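The values are calculated or read from the model by the stated rules, or taken from the named source; none is laboratory data. Quantities reported herein were computed from a predicted structural model and do not represent experimental measurements. Using ideal geometry, Cβ is built from the backbone for each residue, glycine included, and neighbour counts are taken over all protein chains shown. Accessible surface areas use protein heavy atoms only, side chains included; no ligands, DNA or RNA. Shrake-Rupley method; radii C 1.70, N 1.55, O 1.52, S 1.80 Å.
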Amino acid sequence: MREDTVARIRWGSLWLGLAALAVLVWATWWDTPWGRAPDWTGATDVAAPMTRKLLFYHPALAWASFAAYLVTFAMSIAYLNERDLRHDAPARSAAAVGFLLNTLALVTGTLWGIQEWSRSGQSALATVYTEPKVLVVVVMWLTFAAYLLLRRFVDEPARRARLAAAFGILGFLGVPASWLVSRLLAKSLHPDVVGPGANPDAAISAYEGGLVWLSALAFTLLFVHLWLMRLRLARLEDRLAGQEAS
Amino acid sequence: MDDATTATLAFASIFAGLAGYWLRIRLATSRMERRLGRRHETAPAPPTGKGKNPEGPEGTRE
């Protein structure tokens, strides 16, 4: 793809993503012409009504990190298939952005879980980190942490790309696993709000559902922007390394 | 930790995390472009042919 087209996509995704995020923030906290601001104050089954507004941010962050890991997975397979270093920069850029989004999803999920899942006789943090879906996501996060770390410690480019591709493919397995685990295990505390197998007790209104989709759009666009930005930096790094080597 | 503090922490981490990463990449890209530009400027000029040699072709120096 031509460089000016990529630059247009890079900036377009930023401005569209920021616009979607601005509408989302507005609709989360204030009434809009399309509906009233979601408010769970006084709901008997909601322990923390303000933290519950993370419903419009936490799932979208997780989704965007999964999209990033999917890019890493696809590019890693392409690298192992063709042994062409051209595929390495998109893979490592997506992994870096996916790791950030995954970290933010874990932080927000932990804070939300501490508020909502407290059980008597067990610490809130222990409840969160013994939840099967959270455990799967933590393992995936650790695999991508290893992916990014090993890139720093292996000097030879082809060996580094090969090892990283193996970790990228392995790490991505956490995405389908985390999708399945809360749907298959009856004891899972983690609700699934949308998609097949969503919990009936996690049902939300049509307006709230619209906001969940808007948040998915906003964070996907922001992921595209960050990925293309990181990719540009990765290509500059490769160019400098090539010049220093020659 | 109460509900308001948890919500504030969570939302602050989202926006600070995204903005911080964006800024970090932007600064790193500018730094890299400067380094590549400097290398380009200090690299020896490629041979441009006898007529453009500032010292003149062999045998023509005064």
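Less than 5 angstrom separates the built amide H of A:Trp117 from none of the residues sequence-distant by 5 or more or on a different chain. Which percent of the accessible area of the protein assembly as shown is formed by carbon and sulfur heavy atoms (probe 1.4 angstrom)? Within the protein assembly as shown, the accessible surface is 64 percent carbon and sulfur.
Computed over the alpha carbons of chain A, Rg followed by Dmax gives 19.9, 68 Å. The 1.4 Å probe gives accessible areas that order A:Trp29, A:Trp179, A:Trp227, A:Trp34, largest first, as A:Trp34, A:Trp179, A:Trp29, A:Trp227. Between A:Tyr147, A:Val97, A:Leu135, the Cα set farthest toward the positive side of the dipole of chain A (charges on each charged residue's Cβ, about the Cα centre) is that of A:Tyr147. Partner shielding of B:9-19 amounts to 6, given as the average count of beta-carbon atoms from other chains within 10 Å of each residue beta-carbon. In chain A, the DSSP-assigned H stretches of four residues or longer account for a calculated mean residue ellipticity at 222 nm of -25000 deg cm²/dmol, using -39500 (n - 2.57) per stretch and the full residue count as denominator. Solvent-accessible area lost on pairing B with A (1.4 Å probe, both sides summed) amounts to about 2800 Å². Can you tell me the 0 to 90 degree angle between the C-alpha axis of helix A:58-82 and the longest principal axis of chain A, rounded to 10? For helix A:58-82, the angle is close to 30 degrees. For the peptide A:51-58, the mean number of other protein chain Cβ atoms found within 10 angstrom of a residue's Cβ is 3.
Counted over segment A:101-246 with a bin width of 5 Å, the fraction of Cα pairs per bin, in whole percents, is 2, 8, 12, 16, 19, 14, 10, 8, 6, 3, 2, 1, 0. Averaged over peptide A:91-98, the number of partner chain Cβ atoms lying within 10 Å of each residue's Cβ comes to 1. Only Cα pairs under 8 Å and at least 6 apart count here; give the relative contact order of segment A:3-245 as a rounded whole percent. Reported relative contact order: 31 percent. Using only side-chain charges placed at the Cβ, +1 for Lys and Arg and -1 for Asp and Glu, the dipole size of the protein assembly as shown relative to its Cα centre rounds to 920 debye. Of the trypsin sites (Lys or Arg not before Pro) in segment A:109-191, the ones in a loop by DSSP (not H, G, I, E or B) with at most 13 other beta carbons within 10 Å are A:Arg119, A:Lys187.
Projecting the Cα positions of A:Leu80, A:Phe66, A:Phe219 onto the charge dipole of the protein assembly as shown (unit charges on Cβ atoms of Lys, Arg, Asp and Glu, taken about the Cα centre) puts A:Leu80 furthest along the positive direction. Counting only heavy atoms of the protein chains and using a 1.4 Å probe, B:Ser30 has close to 50 Å² of accessible surface.
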